[in-house]
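Scroll down for the structure; my scribbles are underneath it.
The numbers here are math on the coordinates, done by the rules we state, and not lab data. Predicted model only: the values in this text are computed from it and were never measured. Positions of Cβ are generated from backbone atoms using ideal geometry, with glycine treated the same way; all protein chains shown enter the neighbour counts.
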Amino acid sequence: MNSGITALQKEFGASIAALAGALAAGHEELFLSELDALMERREKQLFGELRKLATGLQTALLRFSIDSRLVDLAEKGIPDARHRLDHVIKLTDEAAHRTMDLVERSGPLAERTAARAGELVATWQRFRARSIAVDDFRRMIQAMDAFLEATRVDMEKVRGNLAEVLLAQGYQDLSGQIIRGVMQLVGELESALSELLRLSAGSSARRNEASRTDVRRGLGPLVPGIEHGAAVSGQQDVDALLSGLGM
Amino acid sequence: MSKDMKFLVVDDFSTMRRIIKNLLNDLGYANVAEADDGTTALPMLQAGNFDFLVTDWNMPGMPGLDLLKAVRADARLAKLPVLMLTAEAKREQIIEAAQAGVNGYVIKPFTAETLKEKINKILQARAA
């Protein structure tokens with residue numbers, strides 16, 4: 001005899017016996033009231049089961065939606081984030097090299113100017129002391145002409161290089177925007193995982209709607225290899241698009 | 001337009017604000033103020049006599065597009081020249097900015113030459 005039938009005997013045995021007794025004795029009222037009590041008990045059980053089923057279904061649906069969000073994050077979000085961070089490395093690498101190239105190009109120009117000025121100082125001091133020979137004076141004038149012209153050219157180059165160094169720092173803005181995007185993704189991943197944990201722990205969880213990147217708020221810089229839809233590839237494209245609009 | 005023109009540069013990254021400010025200084029514009037998003041920029045524009053607005057798009061608080069719309073909606077600021085300087089590169093965004101009344105659109109990363117060219121173009125169109 002299995003435990004199921006034992007439980008049923010225990011639960012319904014008394015009622016059935018009472019029912020059978022009432023029927024045999026022809027006690028109609030007793031029979032009907034016993035029957036009602038039996039049916040009521042059965043209905044309660046049925047509703048309890050239904051409630052459990054509904055809760056289970058709800059949990060399954062919730063878990064499914066979190067699972068599909070996690071799958072989406074794992075299949076698309078995470079590789080995208082890796083790609084974005086790779087691009088940040090590339091941006092910082094390029095900016096660092098560009099800056100160092102410009103510094104390396106400017107250093108010798110400044111050194112050359114300082115060295116030439118140093119060469120002129122000795123003769124210039126003799127000239128100031130009025131103890132310079134005429135030939136030396138002529139040579140000094142020629143050297144001075146050459147020095148002034150060379151300094152003008154060299155320092156203009158240095159000035160240009162410094163402006164380029166400044167512009168190269170724009171990587172901080174671009175990479176910062178990309179990193180912010182990755183941080184948002186990490187936040188989404190975190191909330192999906194913690195919801196899943198809460199669900200496994202049996203407590204009810206409400207799904208937070210992942211904040212959608214909004215065109216109005218801005219999407220951040222383009223990252224090569226990541227789908228952005230119809231986008232321009234540079235200033236020329238922007239100009240062409242705007243002139244097409246009559247600007 | 002003279003070199004005394006008053007610029008407002010709006011960008012949430014202080015490095016980018018410094019870059020733009022330096023480039024404007026190189027172009028001879030010494031009067032440059034800064035704001036870190038539309039929410040701080042709008043009261044500054046409404047309070048001070050600015051002649052030119054250079055703004056980023058993607059900023060916390062009020063984004064650049066909303067700032068542009070707010071400027072165009074304000075009768076006293078409606079004619080202010082606005083140059084968008086942003087990494088936002090979707091065609092629909094550029095079209096939206098144009099429809100909102102932007103005067104120029106420069107995409108990041110940009111060159112000093114492009115910035116100069118767009119500012120001059122806007123000022124020439126104003127003078128005409």
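Out of A:Asp145, A:Asp135, A:Asp80, any idea which swings most in a Gaussian network model of chain A, alpha carbons joined below 10 Å?
With Cα springs under 10 Å in chain A, the top fluctuation among A:Asp145, A:Asp135, A:Asp80 is at A:Asp135.
Expressed as cubic angstrom per residue, what is the convex hull volume of the alpha carbon set of chain A?
Values: hull volume 66.8 nm³, N = 247.
Dividing the Cα hull volume of chain A by its residues yields 270 Å³.
Too long at a 23 Å Cα-Cα cut-off: which of B:Lys3/B:Lys90; A:Lys90/B:Lys108; A:Lys157/B:Lys121; B:Lys6/B:Lys116? Don't jump to the answer; show the numbers that get you there.
On the way: B:Lys3/B:Lys90 33 Å; A:Lys90/B:Lys108 16 Å; A:Lys157/B:Lys121 27 Å; B:Lys6/B:Lys116 16 Å.
Over 23 Å Cα-Cα: B:Lys3/B:Lys90; A:Lys157/B:Lys121.
Over segment A:95-140, with a single point scatterer placed on each C-alpha, what log10 of the ratio I(q)/I(0) does the Debye formula yield at q = 0.17, 0.27, 0.32 1/Å?
Here the Debye-derived log intensity ratios amount to -0.59, -0.89, -1.02.
Roughly how many nanometres apart are two label points built 7 Å out from the Cα toward the Cβ at A:Leu30 and A:Ser131?
Output for this residue pair reads 14.6 nm.
Taking just the C-alpha trace of segment A:1-99, give me its Rg and Dmax in Å.
So, for segment A:1-99, Rg and Dmax equal 32.6, 107 Å respectively.
Restricting the calculation to Cα positions, tell me the Rg (one decimal) and the Dmax (whole number) of segment A:100-181 in Å.
Cα only, segment A:100-181: 20.4, 72 Å (Rg, Dmax).
By how many degrees, between 0 and 90 and to the nearest 10, does the Cα long axis of helix A:235-244 differ from the longest principal axis of chain A?
Helix A:235-244 and the main axis of chain A meet at about 70 degrees.
From the helices alone, meaning DSSP H stretches of at least four residues, give me the mean residue ellipticity at 222 nm for chain A, per-run term -39500 (n - 2.57), in deg cm²/dmol to the nearest 500. Working shown, then result.
Values: 6 runs with 194 residues, N = 247.
Rounded to the nearest 500, it is -28500 deg cm²/dmol.
What is the extension gain from A:Asp93 to A:His228, computed as 0.36 nm multiplied by their sequence separation minus the C-alpha to C-alpha distance, in nm to one decimal? All intermediate terms of the calculation are to be shown ahead of the outcome.
Numbers: separation 135, 0.36 × 135 = 48.60 nm, distance 2.37 nm.
Stretched out fully, the A:Asp93 to A:His228 stretch lengthens by 46.2 nm.
Just round it to a whole percent: the fraction of Cα-Cα distances in chain B exceeding 20 Å. Don't skip to the answer; put the middle values down first.
Working: 2947 of 8128 pairs.
So the portion of pairs separated by more than 20 Å is 36 percent.
What's the extension gain from A:Ile16 to A:Thr151 if we count 0.36 nm per residue and subtract their Cα-Cα distance? Intermediate values should be presented prior to the final figure.
Details: separation 135, 0.36 × 135 = 48.60 nm, distance 11.53 nm.
Length gained between A:Ile16 and A:Thr151: 37.1 nm.
Can you tell me the length gained on complete extension of the stretch A:Glu75 to A:Gln58, counting 0.36 nm per residue apart and subtracting the Cα distance? Numbers along the way, then the final one.
On the way: separation 17, 0.36 × 17 = 6.12 nm, distance 2.53 nm.
The span from A:Glu75 to A:Gln58 would gain 3.6 nm if fully extended.
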